[in-house]
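K.L.:
A single structure is presented below for examination.
The values are calculated or read from the model by the stated rules, or taken from the named source; none is laboratory data. In this text, all values refer to a predicted model and were calculated from it rather than measured experimentally.
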Amino acid sequence: MSRFDAARFLISAAAPAQFPPDAGAEVAFAGRSNVGKSSAINAIAQRRALARTSKTPGRTRLLNFFELAPLQRLVDMPGYGYANVPQVERRAWPPLIDALRTRGSLRGLFVIVDSRRGLTPADEGLLAWVLPGHRVHVLLSKADKLNHGEAASVLRAATATLGDRATAQLFSALKGTGVVQAQDTLAAWLARPIGRDNTGQ
């Protein structure tokens with residue numbers, strides 16, 4: 001049985017007015033285009049096609065909300081960096097994402113980073129976007145492409161760079177590396193308010 005066996009798609013939101021009610025708890029997933037964000041979501045939810053995967057950067061163009069349990073949600077954000085989408089759509093993203101940031105139900109952010117590239121300036125920009133009171137957890141994805149020594153070195157470097165801004169772990173959707181740890185972190189964040197209540201305080 002899946003850890004999140006009730007997981008289901010809720011809505012693709014093109015505007016804040018389409019967001020689900022701001023109640024309960026939700027965790028957003030973000031990452032550069034084509035970094036493996038959708039694969040990470042599917043691996044953690046243990047659902048093969050909960051989030052659509054594609055080799056084409058920029059496929060996630062809206063905020064996609066998924067319900068993992070009653071009043072517990074996962075939010076798939078548009079990939080940042082390169083995205084082969086019209087400029088008019090790109091201009092619509094910042095207001096949409098800023099509206100997500102101020103929701104009282106948002107508990108934190110999972111940031112997917114290619115372990116072979118490490119943290120990029122775009123990733124650092126996202127970390128600067130996070131509000132105080134939100135937790136951040138970095139998934140160093142595609143760790144199966146590294147040998148043991150390389151993986152350990154990458155994790156040490158990321159942990160040192162992040163400091164107290166975020167936690168980090170190695171992750172591979174393909175091999176299942178770190179899936180249970182990521183599930184545990186996600187479940188803990190959704191179960192307990194972290195720094196804020198549902199009024200945004």
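K.L.:
Might you check whether a residue that is at pLDDT 85 or above, farther than 18 Å from H134 by Cα, of a type in the set (G, A, S) and in a loop (DSSP other than H, G, I, E, B) occurs anywhere in region 42-60?
P.N.:
No: zero hits.
K.L.:
Please count how many residues of region 1-33 are within 13 Å of D76 (Cα to Cα) and not in a strand (DSSP E or B).
P.N.:
3
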